[in-house]
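Participant: Encoded as structure tokens, here's the structure I'll be asking about.
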Amino acid sequence: MPPLWSGAQVPGEGCPPRPRLQPPRAGGVSHFVVLHSGIMTVTASTSDFDLDAKYRVTDGSVLITGVQALARVLFDQIRADRQRGLRIAAFVSGYPGSPLGGFDQILERNAALLADHDVRWVPGVNEDLAATAVWGSQQDNLAPLSDHDGVIGMWYGKAPGVDRSGDAFRHANLHGVGTNGGVVCAVGDDPQSKSSTLPGASEVALYDAGMPILVPGTPQEVLDLGRHAYELSRYTGCWTGLKIVTAVADGASRLGCPVEWHASAAPRCPD
């Protein structure tokens, strides 16, 4: 795609004319249409475009990395639950480590988004204490909730953190998830040792803890399978493992955000 020139015509031969921008629609989500020699490209945005648009846009598409898509999973799940008439909060804890090393920074930089969606992020002292804290968010049978209809949880860490957290994972998984809750165990695996001393593959450890495992292959699948992971956790009562490898975490792509996905029906438990 040619660059977006700021002037009507950049000096020099062969320079393209300034692209024409279609004004945004009034209110809500708009589309900025860029025309280059008759070729139209569309980018979803909001009338007050900001860097957090990648987490707020719900109609169209955004450019996003795998780690950013993981953060968006929390917001999309809570938005979907609100459409169902449920007031759901989220509790997130873990320990930073590549390829999910920037996940905690994303949460820290978007404090306003966390507050808007009732997301509480508590950095873990280590991986197993973080897993124990997330386990506690699912114990509304012991401490009933007063302001919410449920709490979803998310643990994050890399393969060595999974190795040391097996006992907490097993006990939390055996305990089950809370009412209208569910837990996603987001694991960053580094199979090529890009930033690790040893290659990582956490499927066996997660399976040993009794978790079903989903493995996204693109940032789009991080979002889609992340949402499925919460529904699967609620349906089975188990934590759901979400294995994210380095290429997916670091990669970026255009991500579709269809409105109808947020209102998708949850599976029904058999009578």
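The values are calculated or read from the model by the stated rules, or taken from the named source; none is laboratory data. Predicted, not measured: the structure shown is a model, and the values here were computed from it. For neighbour counting, all protein chains shown are included, and Cβ atoms are generated from backbone atoms with ideal geometry for every residue, glycine included.
Participant: Would it be correct to say that residue 244 is surrounded by 23 or more Cβ atoms within 10 Å (Cβ to Cβ), out of contact with any Cys (no Cβ under 7 Å at 6 or more places or on another chain) and at pLDDT 95 or above?
Facilitator: Working: surrounded by 23 or more Cβ atoms within 10 Å (Cβ to Cβ): yes; out of contact with any Cys (no Cβ under 7 Å at 6 or more places or on another chain): yes; at pLDDT 95 or above: yes.
Yes; evaluated as a whole, the condition is true for this residue.
Participant: Still on this structure, I have one more. If you check residue 172 against the conditions, is it modelled with pLDDT of 95 or more, more than 16 Å from the chain's Cα centre (by Cα) and buried (at least 22 other Cβ atoms within 10 Å of the Cβ)?
Facilitator: Numbers: modelled with pLDDT of 95 or more: yes; more than 16 Å from the chain's Cα centre (by Cα): yes; buried (at least 22 other Cβ atoms within 10 Å of the Cβ): yes.
Here the answer is yes, as residue 172 does meet what is asked.
Participant: Here's something else I'd like to know. Of the residues 170, 120, which single one is in a helix (DSSP H, G or I) and either in the same structural domain as residue 233 (by TED's automatic domain parsing) or in contact (Cβ under 8 Å) with a residue 60 or more places away in the chain (or both)? Full working, then the answer.
Facilitator: Numbers: 120 fails: in a helix (DSSP H, G or I).
Selected residue: 170, the only one of 170, 120 that is in a helix (DSSP H, G or I) and either in the same structural domain as residue 233 (by TED's automatic domain parsing) or in contact (Cβ under 8 Å) with a residue 60 or more places away in the chain (or both).
Participant: Additional query: Quick check on region 173-185. Is at least one of its residues in contact (Cβ under 8 Å) with a residue 40 or more places away in the chain and of a type in the set (S, T, N, Q)? It would help to see each step written out before you state the result.
Facilitator: Here is the first cut: in region 173-185, the ones in contact (Cβ under 8 Å) with a residue 40 or more places away in the chain are 173, 175-178, 180-185.
When the remaining residues are screened for being of a type in the set (S, T, N, Q), the result is 173, 180.
For region 173-185, residues in contact (Cβ under 8 Å) with a residue 40 or more places away in the chain and of a type in the set (S, T, N, Q): present.
Participant: Testing residue 72 on (1) surrounded by fewer than 23 Cβ atoms within 10 Å (Cβ to Cβ); (2) in contact with a helix residue (DSSP H, G or I) (Cβ under 9 Å, 6 or more places away or on another chain); (3) of a type in the set (Lys, Arg); (4) within 21 Å of residue 225 (Cβ to Cβ), one condition comes back false. Which one is that?
Facilitator: Every listed condition holds for residue 72 apart from (1).
Participant: Which residues, counting only those in region 226-256, are over 14 Å from residue 211 (Cα atoms), part of a helix (DSSP H, G or I) and β-branched (Val, Ile, Thr)?
Facilitator: 246, 248
Participant: Run down 93, 30 and say which single residue is modelled with pLDDT under 95 and either in a helix (DSSP H, G or I) or not aliphatic (A, V, I, L, M) (or both).
Facilitator: Numbers: 93 fails: modelled with pLDDT under 95.
On inspection, the qualifying residue turns out to be 30.
Participant: In addition: So, of the residues in region 176-207 that are at pLDDT 90 or above and over 21 Å from residue 235 (Cβ atoms), which turns out to be surrounded by the fewest Cβ atoms within 10 Å (Cβ to Cβ)? Steps first, answer last, please.
Facilitator: Within region 176-207, the subset at pLDDT 90 or above is 176-190, 201-207.
Then drop every residue that is not over 21 Å from residue 235 (Cβ atoms), which leaves 188-190, 201-202, 204-205.
Numbers: 188: 32, 189: 23, 190: 24, 201: 15, 202: 22, 204: 10, 205: 18.
Among residues in region 176-207 that are at pLDDT 90 or above and over 21 Å from residue 235 (Cβ atoms), the one surrounded by the fewest Cβ atoms within 10 Å (Cβ to Cβ) is 204.
Participant: Which condition does residue 134 not pass, out of (1) hydrophobic (A, V, I, L, M, F, W, C); (2) surrounded by 15 or more Cβ atoms within 10 Å (Cβ to Cβ); (3) more than 26 Å from residue 203 (Cα to Cα), if it passes all the others?
Facilitator: Result: residue 134 passes all but (3).
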